[in-house]
Amino acid sequence: MEEIELETEDLQAALKELHQYIDITEEDLKRIYAVAVRYAKKRLALRMLVSDVMTRDVITVKRDAEVHEAARLLSENRISGMPVVDEGNHVIGVVTEADILCSAGIKRGHTFKDLLRQVLGGPAPQCRKGETVEDIMTSPAITARPEDDLIKIARILDDKRIKRVPVVDHENRLQGIISRAILVRLMGQQ
């Protein structure tokens, strides 16, 4: 969307066409227009489809991989989580740095929701222990579809307090991944 520079004559012509008096200066109207355009650009950026911006080259791990292999993949690729896939490339879970640290005995930070759940008698978040990715992964994975819009994904990431969602087709095969970092980068381009 190309930004258009308004001139005073443009505003005067528009006001004349409306055939009514509006108690606002042309300078104020220009400022309102500039701010409205900025908000519109952000809104339109989030209306993009997941398929337009998702990362297609996704680092994955198999369920039977050892935990230290998952840790190595995360570290070498400088990512904080990755999908767990089966032999048919179907997403069966997600494993994160937090899962690996928790399995090693390093407790996760507790959120207000966790504390509230515990006060109300619910269980505290538990660490899963084991030797393989399947033992510690979060399953089932929260996923997205390529045809989803970014507004929906932003809400999912916020509501679920997660950093990424695998993108899958209708047969749950991995197509890509969408992350908070991608959304932040898009907002920074506006």
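What follows draws every value from the coordinates through simple rules; no lab data is involved. On a predicted model such as this, the values are computed, not experimentally measured, just so you know. Cβ atoms come from the backbone with ideal geometry, glycine included; neighbour counts cover every protein chain shown.
Structure notes:
- When peptides 93-103, 143-153 are ranked by their average number of other Cβ atoms within 10 Å per residue, the highest-first order is 93-103, 143-153.
- Projecting label points 7 angstrom from Cα along Cα→Cβ for ARG128 and ARG185 puts them 2.9 nm apart.
- Label point 7 Å beyond Cα of ASP10 along Cβ direction - residues of region 20-61 with amide nitrogen under 17 Å: 25-41
- Residue-span extension gain [SER75 to ALA34] - 0.36 nm each, minus C-alpha spacing: 10.5 nm
- Sorting 162-168, 83-89, 177-183 by their mean Cβ neighbour count within 10 Å, with the most densely packed peptide first, gives 162-168, 177-183, 83-89.
- Placing pseudo-labels 7 Å out from each Cα toward the beta carbon at SER51 and GLN20 gives an inter-label distance of 4.3 nm.
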